[in-house]
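Report on one structure; see the data block that follows.
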Amino acid sequence: MNKAILKAICRHAIAQYPSECCGLLIRDGRKTRYVPCRNVATTPSEHFRLAPQDYAAAEECGEILAVVHSHPDYPATASEADRVSCEASGLPWHILEVRKDDEGQVYAGELVTITPTGYQAPLIGRAFAHGVHDCLSIILDYYRWEMGIELGNYQREDGWWDKGANLYLENLPSAGFVPVSQLQQGDVVLMQIRSPVPNHAAVYLEDGVLKTEPGHFPAPGSILHHLYGRDSRRDTYGGYWGEVTVSCWRHRSKILTQAVTLTNQ
């Protein structure tokens with residue numbers, strides 16, 4: 001990264017303070033340049049969501065080389081969400097620290113670069129970041145790592161449940177799930193918490209064990225979930241979680257496996 005590019009990044013980050021700035025490094029012909037983008041996150045001072053239209057426009061101009069964003073009033077150290085998103089993007093990430101001094105002057109600090117290294121956040125204890133680490137992410141990762149089932153990825157806006165969307169009921173059937181009346185290991189528990197539509201989901205752990213994280217004690221009859229604003233965890237299913245449950249869903253692969261087993265008996 002040359003001085004001109006770094007200067008452009010610093011200028012953009014300072015102008016966007018106290019919100020996080022975001023942008024892209026692209027190779028346009030023989031020239032590498034910084035392309036400022038819009039941060040469309042609902043909490044731009046805490047997170048960034050690069051406008052998809054801006055990403056597409058940058059792709060039309062040249063090859064995307066890296067993602068850039070700032071950390072207002074926070075060190076440039078990559079957060080867990082940064083590391084996971086860096087892996088998903090397959091690109092280097094440049095993170096710039098931006099602060100305000102005692103006289104009210106905003107200035108740029110340290111720049112940190114991270115690259116994809118195969119990092120995976122743990123299922124238990126991951127920090128919340130909507131769209132990166134949330135209740136849907138924990139289900140997608142559980143099925144991917146524990147069951148070997150790829151459910152895909154789903155773009156979602158923070159607060160979608162209050163904006164006319166119905167993320168789970170719109171996507172569970174097409175992802176291969178069917179409603180069931182009795183829970184088994186790996187079933188999805190759909191809940192409705194202070195919302196007009198079901199807006200929280202968990203994985204039921206009948207045996208309470210995570211094969212990919214054997215260091216945790218067994219917690220039979222628990223749910224693995226990631227509540228808004230909290231770290232992911234297991235909780236005993238029942239009580240409040242039972243009261244807010246609206247439906248339970250099973251992946252068709254488990255139903256087919258059970259059918260084959262019964263046929264062979």
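Read-outs throughout are calculated quantities, based only on the coordinates presented, and are distinct from any laboratory measurement. Everything quoted here is computed from the prediction, not taken from an experiment. Note that each Cβ is placed from the backbone with ideal geometry, even for glycine, and that neighbours are counted across all protein chains shown.
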Cα centre as origin, Lys/Arg/Asp/Glu Cβ charges: the stretch 135-264 dipole, Debye: 140 debye
Helix runs (DSSP H) in the chain reaching 27 Å along axis by Cα, Kyte-Doolittle at least 1.0: none
Whole-Hz ³J(HN,Hα) from phi, Karplus 6.51 cos²θ - 1.76 cosθ + 1.60, for the stretch 62-71, glycine and proline x: x, 7, 7, 9, 6, 9, 10, 7, 10, 10
Long-range lysine pairs (8 or more apart or interchain), the chain, Cα under 29 Å: 5
Distance from the stretch 151-180 to the stretch 115-129 (C-alpha centre basis), Å: 22 Å
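To the nearest 20 Debye, how big is the dipole of the chain about its Cα centre, given +1 on the beta carbon of each Lys and Arg and -1 on that of each Asp and Glu?
Details: 24 positive and 31 negative charges, 97 e Å.
Roughly 460 debye for the chain.
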Stokes-Einstein translational diffusion, the chain - Kirkwood Rh over all Cα pairs, 0.692 mPa s, 37 °C, in µm²/s: 160 µm²/s
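In the chain, which longest range has no chymotrypsin sites (Phe, Trp or Tyr not before Pro) that are both DSSP loop (not H, G, I, E or B) and surrounded by at most 14 other Cβ atoms within 10 Å?
So the longest stretch without any such site is 1-118.
Hey, got a sec? Which trypsin sites (Lys or Arg not before Pro) in the stretch 5-58 land in a DSSP loop and have at most 11 other Cβ atoms within 10 Å?
Values: sites: K7, R11, R27, R30, K31, R33, R38, R49; in loops: R30, R38, R49.
In loop regions of the stretch 5-58 (DSSP not H, G, I, E or B), the sparsely surrounded trypsin sites (Lys or Arg not before Pro) are R30.
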The chain, helix-only ellipticity at 222 nm - DSSP H runs n ≥ 4, -39,500 (n - 2.57), divided by all residues, nearest 500: -7500 deg cm²/dmol
Within the stretch 79-156, GluC sites (Glu not before Pro) in DSSP loop having at most 14 other beta-carbon neighbours inside 10 Å: E103, E150
Cα Rg, Dmax, the stretch 43-82, angstrom units: 12.3, 33
